[in-house]
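Here is the structure we will look at.
Bear in mind that the values in this text are calculations on the coordinates, not laboratory data. As the structure is a computational prediction, the values presented were derived from the model and not from experiment. Glycine also receives a Cβ, built like all others from the backbone with ideal geometry; neighbour counts cover every protein chain displayed.
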Amino acid sequence: MSLRLRLVVLVGTLVLLLLGGLGFYLMSSLEPWAREALDHELDLQAEAIEDHLEVKRSGQLEQEDDDHFDHVGFVILDARGEVAMGRGLDRVWPLFTEWGRPQTLEGTDGRSWRVYGRLIHPEHEERLDPSRRPLRLIVGTPARPFDQVSSRFQLGLAVSLMLGLFLGGAGAAVIAQVSSAPIRRLSVEVGGIEVTSIERRIHTSGLDPELAQLAGSVNGLLERLDGAFQQQRALISHASHALRTPVASLLTISEVNLRRERSTDEYRRALVEIGQVAKDANQMVEQILALGRIDRLQAGLQKSAVPLAELGEEMGRLFGPRALEAGLELQVDLPRTLALAADPTRLRELLEVLLDNALRYTPRGGQLGLDASSEGRQVVLRVWDTGPGIAAEERERVFERFYRGAVGKESGQPGSGLGLSIARAIALAHGAELLIQDRPGGGTQVILKFPPPSL
Amino acid sequence: MRVLLVEDTVALARSLGQGLEEEGYSVDLAYNGEDGLHLASEINYDAIVLDRMLPRLDGLTVLRRLRAAGRRTPVLLLTALGEVDERVGGLDAGADDYLVKPFAFAELLARLRALVRRDHGQASNRLELGRLVLDLGARSAQVDGRPLSLTARELSVLELLALNAGQTLTRTRIAERIYDEGSERDSNVIDVFIGRLRKKLEAVGLPGAELLKTQRGEGYRLDPSVIGGERP
């Protein structure tokens, strides 16, 4: 239901309830009130008739100022039940039953009458034949005036109800129109923000506080989306740049080697080279994808108790042969007693990045290792090497996406500059701290401080 | 033709170097900006192929310093950054041409030839010296329309002298252009090349000794006027 319709219905219901309720209340209280007034009037009339009633010497009853009582009918009965005097009530009084209390009667004329009867004592009553005493008076008046009031009131009520409904509805529509104008403006403005113009913001100046709050929320949402977008765009742009070099290498190797006939050995060398470049490029793609996953990392962690000794054996199997090939000594020392609450897949990914770095950049004849210790309730993992180390001024920058340290770049080793960004993101998702330090005795050590497992 | 290649990606640098050498260039390799700048300042290359993102000193800085030092060697900038701003920045820093990775090796060769040609004031790859015609693109020599069979090194020496026709080039200068840093260099070898060239030229009826003149105590000079070419 539209806001306007809702407002109209709301105001209409309010008008209906208010006027209807008021009308009903008035109606229900008006009727007894009007009846009371009528009854009082009848009583007064009865009194007046009695006051002006006189018994002549002849025993005849006489009414002074006869025309005084035009609007009421009355009848005076004597004790024998004969009509002593009367006017205008012939078709009503024979139905009369209850003395001393006003009553409503349906006259034989088909009209409704209010009738009241009681004993009276006219002046010089003693002149009356005793057998005719006491006299009784019945006064009556058509109940129509009251009905008229009531029906006129009902008409008025109906008219004012209609008018109220119409005016209220129209007013509500206007109010809705006026008050929804800023909403419509806001909606047009929000609707105008495209994927390509996500850096635009909604103007909050001149907006009502409630709408300004809404606009503020929308702006906040845009801010977050914009940030995520830019990050994504930067990732794509970096990724395409980073992938251009391996592609250039592949193209050049194949083109250069195809320019002339060569020996089988030369072709084999070229193919091996192509394979190596492709493998490096593939690793880069994997890391870019991993980086794309990182933003969803925290929610997606599947933690379990990871026995460190087993993890160490796995790393040993994975990196042992590579270390041997690179002329390096790998020392894995993870105590059987330690375990970590972590996502085993991610933890493996993290250690692989760190060990891979250590292996890549440590010169032949060096050493690298993985060990662990507990400090209080914290578990501390350490990946170390005897390589060239990372300069102090680079220790923060190496965590930036696509940043490659001087050692990395100069090594001529292909690398995406993403490994440590991934490592840090995984550590952060686990609430762990990742620090790069100089290793005592030369080289680098990366410290991973895991928080005590939360219960 | 001697070329300096500054590129930090080993696989790319090696295959580019191999390809260029097989095309008859002598190639020096540098894997970082500092080494590249050092070599470029020391040696008079015919062209420099310079990667933009390099360790130690980035490509643009190397280029600016070279130009600031008054080096006019043609530079072909090689890079993964292909946006207009990047290309403009590269050219404004003093690059003569710009090639975005990934590129076709054939295009790199063509652009290199164009750079060297332009550097010598040549409008086309065809170098006509009377009866002798050199095609720098196809890397071939013809005499009276018939192909002259030369080895890559002999052709390089002939091209060098032809591009600098009328000028006397010292043995050291010629050797510098023919050999890269790694090679054993002996300026006497140049005399051997000249001798062979003269013989091959005479075999097809050109006055070898007059065309490739010995300037005693100085070096060699190519004089196109003896074979009906214009006097430079």
HN-Hα J in Hz across region B:144-150 - Karplus 6.51, -1.76, 1.60, θ = phi - 60°, x for Gly and Pro
6, x, 9, x, 9, 7, 10
Please find the FRET efficiency linking B:Asp119 to B:Thr170, where r is the Cβ-Cβ separation and R0 is fixed at 25 Å, and quote it to the nearest 0.05.
0.85
Sort A:25-38, A:89-102 for me by packing, meaning the mean count of neighbouring Cβ atoms within 10 Å per residue, highest on top.
A:89-102, A:25-38
Please list, in chain and number order, the residues 5+ apart from B:Leu77 or on another chain whose amide H is under 5 Å from its amide H, with Hs placed from the backbone.
B:Leu50, B:Asp96, B:Asp97, B:Tyr98, B:Leu99
Whole-angstrom gap from region A:411-454 to region A:335-391, using each part's C-alpha centre
8 Å
Mind ranking A:356-364, A:105-113 by how tightly packed they are, going by the mean number of other C-beta atoms within 10 angstrom, highest first?
A:356-364, A:105-113
Would you mind computing Rg(Cα) / (2.2 N^0.38 Å) for region A:100-256, counting N as its residues?
2.99
Averaged over peptide A:182-195, how many Cβ atoms belonging to another chain are found within 10 Å of each residue's Cβ?
0
Given an 8 Å cut-off on Cα distances and at least 6 residues of separation, report the relative contact order of chain A as a percent.
10 percent
In whole Hz, with x marking every Gly and Pro, tabulate ³J(HN,Hα) for region B:218-226 from phi via Karplus 6.51 cos²θ - 1.76 cosθ + 1.60, θ = phi - 60°.
10, x, 10, 9, 9, 10, x, 5, 6
Considering every residue in B:96-104, what mean count of other chain Cβ atoms within 10 Å of its Cβ is obtained?
4
Value in Å of the Kirkwood radius, where region A:367-455 supplies the Cα pairs that are averaged
13.9 Å
Quick one: order B:Asp96, B:Asp85, B:Asp58 by neighbouring beta-carbon count within 10 Å, fewest to most.
B:Asp85, B:Asp58, B:Asp96
Helix by helix through chain B, keep the DSSP H runs that span 20 Å or more along the axis on Cα and average at least 0.0 on Kyte-Doolittle, and give those back in order.
B:105-119, B:188-203
Spelling out what I want: for every residue of region A:427-444, take phi, set θ = phi - 60°, compute 6.51 cos²θ - 1.76 cosθ + 1.60 (Karplus), and round to whole Hz; glycine and proline get x.
4, 4, 4, 8, x, 9, 9, 10, 10, 9, 9, 6, 7, x, x, x, x, 10
Given N residues in chain B, what is Rg(Cα) / (2.2 N^0.38 Å)?
1.05
Starting from the Cα of A:Ala181, step 7 Å along the direction of its Cβ; do the same at A:Asp226; then give the gap between the two resulting points in nm.
2.9 nm
Inter-chain shielding of B:14-21 (mean C-beta neighbours from other protein chains, 10 Å cut-off):
5
Going by C-beta contacts inside 10 Å, put A:Met85, B:Met1 in order with the fewest on the left.
A:Met85, B:Met1
With Kirkwood's inverse mean 1/r over C-alpha pairs for Rh, give me the Rg to Rh ratio of region B:126-227, two decimals please.
0.94
To two decimal places, what compactness ratio does region A:76-124 give when its Cα radius of gyration is scaled by 2.2 N^0.38 Å?
1.19
With bins 5 Å wide starting at 0, give me the P(r) of region A:1-138 over every alpha carbon pair, in whole percents.
2, 9, 16, 16, 14, 10, 6, 5, 4, 4, 4, 3, 3, 2, 2, 1, 0, 0
Considering the alpha-carbon set of the protein assembly as shown alone, what are its Rg and its Dmax in angstrom?
56.2, 188
For region A:209-292, what D do you get in µm² per second when you plug the Kirkwood radius from alpha-carbon pairs into Stokes-Einstein at 20 °C and 1.002 mPa s?
132 µm²/s
Per-selection Rg to Rh, region A:300-450 - Cα, Kirkwood hydrodynamic radius
0.94
Which order do B:Phe193, A:Phe402 fall in if you start with the one that has the fewest other Cβ atoms within 10 Å?
A:Phe402, B:Phe193
